[in-house]
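See below for the structure under consideration.
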Amino acid sequence: MLSSSVQAYSDPAQLEDAYLVTKAQLTPTGHEPFEARVVRVQFDALWVMQTYERAPRIKHAEQTPSRTFIKFLAQPGQELVMQGSVLPYDSIVRHPQGHSYYERTAGEVHWAGISMPVDDLEAATIAVRGCGLAPLHNRMIVVPTFQAMTRLRQLHGSIAAMAANAPGTLTAPEVAHGLEQSLIEAIVGCLSGPEEHEATWAQRCHETIMRRFFRLLEENPTRPIFVPEFCSAIRVPERTLRACCQEHFGMGPKQYLLLRRMTLAHRALQSANPVETTVTEVATRFGFWHFGRFAGEYRALFGEAPSVTLGALKPRGRTDRTLFPSGETTCA
């Protein structure tokens, strides 16, 4: 059964919870307020998503092995860096099954995503091309022909625009079926492009290190971890870890871990009872012992003092604010 939605988010944790089959962790890296708007359409097999973000962040994503995911930029002139590689506007990224990766943005970004069951994509590719797609062990950047990429982007944008502005048009079974089949054909056309670039040996080595980096974070979700611990656990020298973090995060490990600890403290203050918890207790729990410096860096990152976050009664869940003009839902 087809379903569609348009949802706005003002907190990274809200957006993390909204991912359907991807496990995501978001770390803001700038001082701008977090704002995101997500347009979703779920056909029978094919799922379509367009996401508009206005604040820089680092995301770790771990995708389900049962579905195939592709992603591309919906607007030119924006930067999406995945595993240290910039995604070109004329390209799409095809993820392997169960792909675990880091991705970062430098500011406003408008990206498009599509997922479908692995077996369905394989069957559609055999039907259209006469042969299946080669299995992936690492992400692959595909450069389709100009015509194939234009068709995919325009069709994807039209579906998102209908979901945002006229969702009733999608409810007719024949319309939904026609759009889904057309989009599947466009996907196969793009994945049959003349240029495919798998990750290099060095990139694969760095991705292995970053997977270990993430696993250590995942095993210690609320405990502050510092660079020497990472180097010992991952078994790499600090210079190598610094190079990998610079490639994947756009910053060194110390700065990223500081942002992570700040984000953990922010979420703890949001959920804490001000009668039972103090800012000092939360700060020390996440490795901050210079309270004046903590308060200053916290205000610079989140726009308010930690005591204000602790004492505020803020609604959780999705917001209904219109963060982006409705016209932006159509791809150029």
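Side notes on the structure shown:
Residue-wise test of (1) surrounded by 17 or more Cβ atoms within 10 Å (Cβ to Cβ); (2) over 26 Å from E218 (Cα atoms); (3) not assigned by TED's automatic domain parsing to the domain that holds S158.
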residue	(1), (2), (3)
E35	yes, no, no
V41	yes, yes, no
D44	no, yes, no
A55	yes, no, no
R94	yes, no, no
H99	yes, no, no
T105	yes, no, no
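- Residue within segment 241-264 that is more than 21 Å from H60 (Cβ to Cβ), small (G, A, S) and either modelled with pLDDT under 90 or part of a loop (DSSP other than H, G, I, E, B) (or both) present: no
- Within segment 94-121, the set of residues being within 16 Å of V41 (Cα to Cα) and out of contact with any Leu (no Cβ under 8 Å at 6 or more places or on another chain) comprises G113, P117.
- In the set (1) charged (D, E, K, R); (2) over 17 Å from A305 (Cβ atoms); (3) touching a residue at least 24 places away in the same chain (Cβ under 8 Å), the condition left unmet by E276 is number (3).
- Some residue of segment 51-64 being farther than 23 Å from Y256 by Cβ, of a type in the set (A, V, I, L, M) and touching a residue at least 60 places away in the same chain (Cβ under 8 Å): no
- In this entry, E229 is excluded by the filter for residues that are in contact with a strand residue (DSSP E or B) (Cβ under 9 Å, 6 or more places away or on another chain) and in a helix (DSSP H, G or I).
- A163 over 16 Å from the mean Cα position of the chain (by Cα), part of a helix (DSSP H, G or I) and in contact (Cβ under 8 Å) with a residue 60 or more places away in the chain: yes
- Residues located in segment 275-332, provided they are closer than 29 Å to E53 by Cα, modelled with pLDDT under 90, among the hydroxyl-bearing types (S, T, Y) and assigned to a helix (DSSP H, G or I): S326, T329
- Qualifying residues in segment 29-57 (those that are in contact with a helix residue (DSSP H, G or I) (Cβ under 6 Å, 6 or more places away or on another chain) and assigned to a strand (DSSP E or B)) - the one nearest to Q7 (Cα to Cα): V39
- The lone exception for A233 - which of (1) crowded, with 16+ Cβ neighbours inside 10 Å; (2) under 28 Å from the mean Cα position of the chain (by Cα); (3) more than 20 Å from G30 (Cα to Cα) it fails: (1)
- Conditions (1) buried (at least 17 other Cβ atoms within 10 Å of the Cβ); (2) not in a strand (DSSP E or B): number failed by A8: (2)
- The set of residues from segment 63-73 being in contact with a Pro (Cβ under 7 Å, 6 or more places away or on another chain) and not in a strand (DSSP E or B) comprises just one member, S66.
- Checklist (1) touching a residue at least 60 places away in the same chain (Cβ under 8 Å); (2) closer than 29 Å to R54 by Cα applied to P88, failing item: (1)
- Within the span defined as segment 74-84, one or more residues are crowded, with 22+ Cβ neighbours inside 10 Å, at pLDDT 90 or above and not in a strand (DSSP E or B).
- Qualifying positions in segment 99-155 - among the hydroxyl-bearing types (S, T, Y), over 20 Å from T51 (Cα atoms) and either within 14 Å of the chain's Cα centre (by Cα) or at pLDDT 90 or above (or both): T145
The values are calculated or read from the model by the stated rules, or taken from the named source; none is laboratory data. Everything numeric in this text was worked out from a predicted model, so none of it was measured. All Cβ positions, even for glycine, are placed from backbone atoms using ideal geometry, and neighbour counts span all protein chains on display.
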